[in-house]
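Here the structure comes first, spelled out in structure tokens, and everything after it is commentary.
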Amino acid sequence: MIEKVSLIMTTYNCREHFKISIENALKQDYPCIELIIVDSKSTDGTLELIKEYSAKIEDGEYPGKSVKWVSEKDNGIYDGMNKGIRMASGDVIAVFNDEFTTTRAISIFINALNKGNFDGVYSDLIYANGIECKRYWHMPPASIISGWLPAHPTMYLRKSVYDEFGLYKTEYRSSSDYEFMLRILKSKKVKMNYIPKVLIRMFIGGTSSEGMKGYIRNTKEAYRALRENRIPFPLITIFCRIIRTLRQYRLSKYYKEEM
């Protein structure tokens, strides 16, 4: 039985990035993909693009693809993600606002998900400015306390995980994805598989990439999430997280040859 994959796409006044992302999604070879587009009342032409692509999908121009979309004000990106998850009808859910590195990416994710009856799967990721790699997120399995968490844009989860653990906490501005991953992984109930391959190229920018001020806010929220989830030794975890982040930037120069 083919599982339906729902891709949650949140957008607000980012027409060019949205066009790249939806083209990437529509080129995927996986046979059953549902696009859930949640727009926060864009005024830069993004809404017109959404309508254009939705019409093409509904006319059957992209076999195996379906679409649902909404354009209305929300309370930030995590509220948009929650709205999209509630709209989704897929067996597997992922948040996607970037680029795939291959047209087989979703097929690779789902094959790895089903290989050992896993609840979720994730891969490596790069932050890129055009073709130049700025950060290489290489995250093999380790422990939360050592600063490890999957790269959220690469995480594909069965819908049952959201049903059991709930959605993203909207009181967080830039680290609700971090809090959510802590929440599901600390339980030891969610079985994850790791793909040692870069499958996502992430656009530089967003709420967690606003320079030093944004990084400090992100780190404070991460510490708060560790405390709320009662993770032992939160300061040690934050320190390890910072070291791992710095190492990812250093590793970026070694990834250039693979691009």
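The values are calculated or read from the model by the stated rules, or taken from the named source; none is laboratory data. Remember, predicted model here, so these are calculated numbers, not experimental data. Positions of Cβ are generated from backbone atoms using ideal geometry, with glycine treated the same way; all protein chains shown enter the neighbour counts.
Looking at region 79-100 only, could you name the residues that are over 13 Å from V5 (Cα atoms) and either among the charged types (D, E, K, R) or at pLDDT below 95 (or both)?
Answer for region 79-100, where residues must be over 13 Å from V5 (Cα atoms) and either among the charged types (D, E, K, R) or at pLDDT below 95 (or both): D79, K83, R86, D98, E99.
Confirm whether S146 is closer than 18 Å to I231 by Cα, in contact (Cβ under 8 Å) with a residue 24 or more places away in the chain and buried (at least 20 other Cβ atoms within 10 Å of the Cβ).
No.
Please find, among D59, D44, the residue that is in contact with a helix residue (DSSP H, G or I) (Cβ under 6 Å, 6 or more places away or on another chain), surrounded by fewer than 20 Cβ atoms within 10 Å (Cβ to Cβ), more than 12 Å from L7 (Cα to Cα) and of a type in the set (D, E, K, R).
Only one candidate qualifies: D44.
How about region 148-157: which of its residues are assigned to a loop (DSSP other than H, G, I, E, B) and either under 21 Å from D98 (Cα atoms) or not assigned by TED's automatic domain parsing to the domain that holds L113 (or both)?
L149, P150, A151, M155
Could you check, for region 125-137, whether at least one of its residues is surrounded by fewer than 17 Cβ atoms within 10 Å (Cβ to Cβ), outside the structural domain of R173 (by TED's automatic domain parsing) and assigned to a loop (DSSP other than H, G, I, E, B)?
No - not one qualifying residue is present in region 125-137.
If the requirement is being closer than 27 Å to G166 by Cα, in contact with a strand residue (DSSP E or B) (Cβ under 7 Å, 6 or more places away or on another chain) and either at pLDDT 95 or above or outside the structural domain of V121 (by TED's automatic domain parsing) (or both), which of these qualifies: I50, I20, I37?
I37
Here is a yes/no grid of residues against (1) closer than 25 Å to D74 by Cα; (2) among the β-branched types (V, I, T):
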{"residue": "C133", "(1), (2)": "no, no"}
{"residue": "P140", "(1), (2)": "no, no"}
{"residue": "I144", "(1), (2)": "no, yes"}
{"residue": "L157", "(1), (2)": "yes, no"}
{"residue": "Y162", "(1), (2)": "yes, no"}
{"residue": "Y168", "(1), (2)": "yes, no"}
{"residue": "E171", "(1), (2)": "yes, no"}
{"residue": "S174", "(1), (2)": "yes, no"}
{"residue": "E179", "(1), (2)": "yes, no"}
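Could you please find all residues in region 103-120 being part of a helix (DSSP H, G or I) and either at pLDDT below 95 or surrounded by 17 or more Cβ atoms within 10 Å (Cβ to Cβ) (or both)?
Passing the criteria: A105, I106, I108, F109, I110, A112, L113, N114, K115.
For region 153-189, which positions are under 20 Å from G214 (Cα atoms) and surrounded by fewer than 19 Cβ atoms within 10 Å (Cβ to Cβ)?
K169, T170, E171, R173
Any idea which of (1) under 24 Å from Q248 (Cα atoms); (2) among the charged types (D, E, K, R); (3) under 17 Å from the mean Cα position of the chain (by Cα) is the one K169 doesn't satisfy?
Of (1) under 24 Å from Q248 (Cα atoms); (2) among the charged types (D, E, K, R); (3) under 17 Å from the mean Cα position of the chain (by Cα), only one is false for K169: (1).
Can you go through E23, E16, E72 and tell me which one is surrounded by fewer than 22 Cβ atoms within 10 Å (Cβ to Cβ), more than 16 Å from the chain's Cα centre (by Cα) and farther than 23 Å from L199 by Cβ?
Selected residue: E72, the only one of E23, E16, E72 that is surrounded by fewer than 22 Cβ atoms within 10 Å (Cβ to Cβ), more than 16 Å from the chain's Cα centre (by Cα) and farther than 23 Å from L199 by Cβ.
Taking the condition without any contact (Cβ under 8 Å) to a residue 24 or more places away in the chain and either touching a Phe, Trp or Tyr at 6+ places or on another chain (Cβ under 9 Å) or among the aliphatic types (A, V, I, L, M) (or both), does A94 pass?
Spelling it out, it is not the case that A94 is without any contact (Cβ under 8 Å) to a residue 24 or more places away in the chain and either touching a Phe, Trp or Tyr at 6+ places or on another chain (Cβ under 9 Å) or among the aliphatic types (A, V, I, L, M) (or both).
For region 158-259, please list each of the helices (runs of 4 or more DSSP H) lying entirely inside it that holds at least 3 residues being modelled with pLDDT under 95 and among the hydroxyl-bearing types (S, T, Y).
Passing ranges, in order: 211-228, 234-255.
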